[in-house]
2 protein chains.
Amino acid sequence: MKLSTRTRYAMRAVLELANNYGNGPLQTRIIARNQDISTKYLEQIMAALKSTGLIRSQRGAKGGYILANPPEKIKLSDVFDVFEGPVVTVECVADEKYCKRAPDCIARQVWSEVQRAVRNVLQSTTLQDVIDKAKVTKSDYQI
Amino acid sequence: MKLSTRTRYAMRAVLELANNYGNGPLQTRIIARNQDISTKYLEQIMAALKSTGLIRSQRGAKGGYILANPPEKIKLSDVFDVFEGPVVTVECVADEKYCKRAPDCIARQVWSEVQRAVRNVLQSTTLQDVIDKAKVTKSDYQI
DNA sequence: ACTATGCCTACTACTATAATAGGAATAGTA
DNA sequence: TACTATTCCTATTATAGTAGTAGGCATAGT
């Protein structure tokens, strides 16, 4: 169980946008450079993020991307779900009809619990939460 | 983020062994039939489970597999880790040296939290716990 | 007009997954 | 001893997804 590179890049890109929130659009080129990501690949990822309404774009020179909502209104699950989908473990966890064995399947209960744990983290944390936490850590270092 | 079929089959097979614990070896053929899994594919999965020491085998007629330890001594993470590995999200979560950006990476904190949540479930639950919980549910139905 | 950006589409190398297949080795049993 | 049921070992394969690379069009600012 490992995250796709797309999801990891997406999360890093969105966190950059969150950090930049209020300062106008941020360019793919800049994000890619900051994060050591292929610009062309990131372009595709940004397009997907945009198509879900998570971010907005401004075309042309001095264009770029901004978050569609303030960082405290965006949950990590919003970003996560773009590529990893709402299902974290197995389809039958979300859709009992997916498998006829589901009602009696004790393995399903296991994956339900795991899924619940993951979604609990992702849904209860906003981009702003992450940024704030990072700042606290930073200042701890400086003491 | 979805589980591999191997991991799901492995979990179901091991739970069958847990249910059968104390009744001698259980055959791949039986498990495969009970669980609607390709016998040949399950054979490979059982071999992998055995190589980690999680289960033991008896060869020849009337052979089969048994858990190497009683169900209350086996954690779900023991089964999970055979195919999904101990890393649930990203390598850098377990190994900071994996990426030079790790110390400052705020995305890494996100994936750390998710990983912690998953491992918490898998490490705090045993096969016996799952079986017991399933029984409770069953008896609820009968009321 | 020029340039910097997003937007769109196609292509590709690589890898993992989920099997299928065949047969050798072993152990119980008639 | 022969027979049979099982694990064990190895090879092969079809398919899909991933992680890019690439080229050029559309748009907006200067």
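The values are calculated or read from the model by the stated rules, or taken from the named source; none is laboratory data. All figures in this text were calculated on a predicted structure; none of them were measured in a lab. Methodologically, a virtual Cβ is constructed for each residue, glycine included, from the backbone with ideal geometry; neighbour enumeration extends over all protein chains shown. Accessible surface areas use protein heavy atoms only, side chains included; no ligands, DNA or RNA. Shrake-Rupley method; radii C 1.70, N 1.55, O 1.52, S 1.80 Å.
Where helices (runs of 4 or more DSSP H) fall entirely within segment A:52-143, those with at least 3 residues that are among the acidic types (Asp, Glu) are at A:76-84, A:127-142.
Residues being surrounded by fewer than 15 Cβ atoms within 10 Å (Cβ to Cβ) and within 16 Å of DNA strand C (Cβ to nearest atom) are entirely absent from segment B:133-143.
So which residues in segment B:21-35 are under 18 Å from the mean Cα position of the chain (by Cα) and more than 14 Å from B:Ser57 (Cβ to Cβ), if there are any at all? B:Tyr21, B:Ala32, B:Asn34, B:Gln35, listed by residue number. Summed over segment B:31-76, the residues that are among the aliphatic types (A, V, I, L, M), more than 10 Å from DNA strand C (Cβ to nearest atom) and within 14 Å of chain A (Cβ to nearest Cβ) give a count of 3.
Remark: pairs (first residue in segment B:61-75, over 15 Å from B:Thr125 (Cβ atoms); second residue modelled with pLDDT under 95 and among the hydroxyl-bearing types (Ser, Thr, Tyr); Cβ separation under 9 Å; 6+ apart in sequence or on different chains) are absent.
Restricting attention to segment B:20-51 and to residues that are of a type in the set (D, E, K, R) and part of a helix (DSSP H, G or I), the residue that is surrounded by the most Cβ atoms within 10 Å (Cβ to Cβ) turns out to be B:Lys50.
Among the residues of segment A:64-83, write down those that are under 19 Å from B:Gln115 (Cβ atoms) and open to solvent by 20 Å² or more (accessible area, probe 1.4 Å). The answer is A:Lys75, A:Asp81, A:Phe83. As a summary of the residue check, B:Tyr98 satisfies the conditions (1) closer than 29 Å to A:Ile131 by Cα; (2) within 11 Å of chain A (Cβ to nearest Cβ) except for the one numbered (2).
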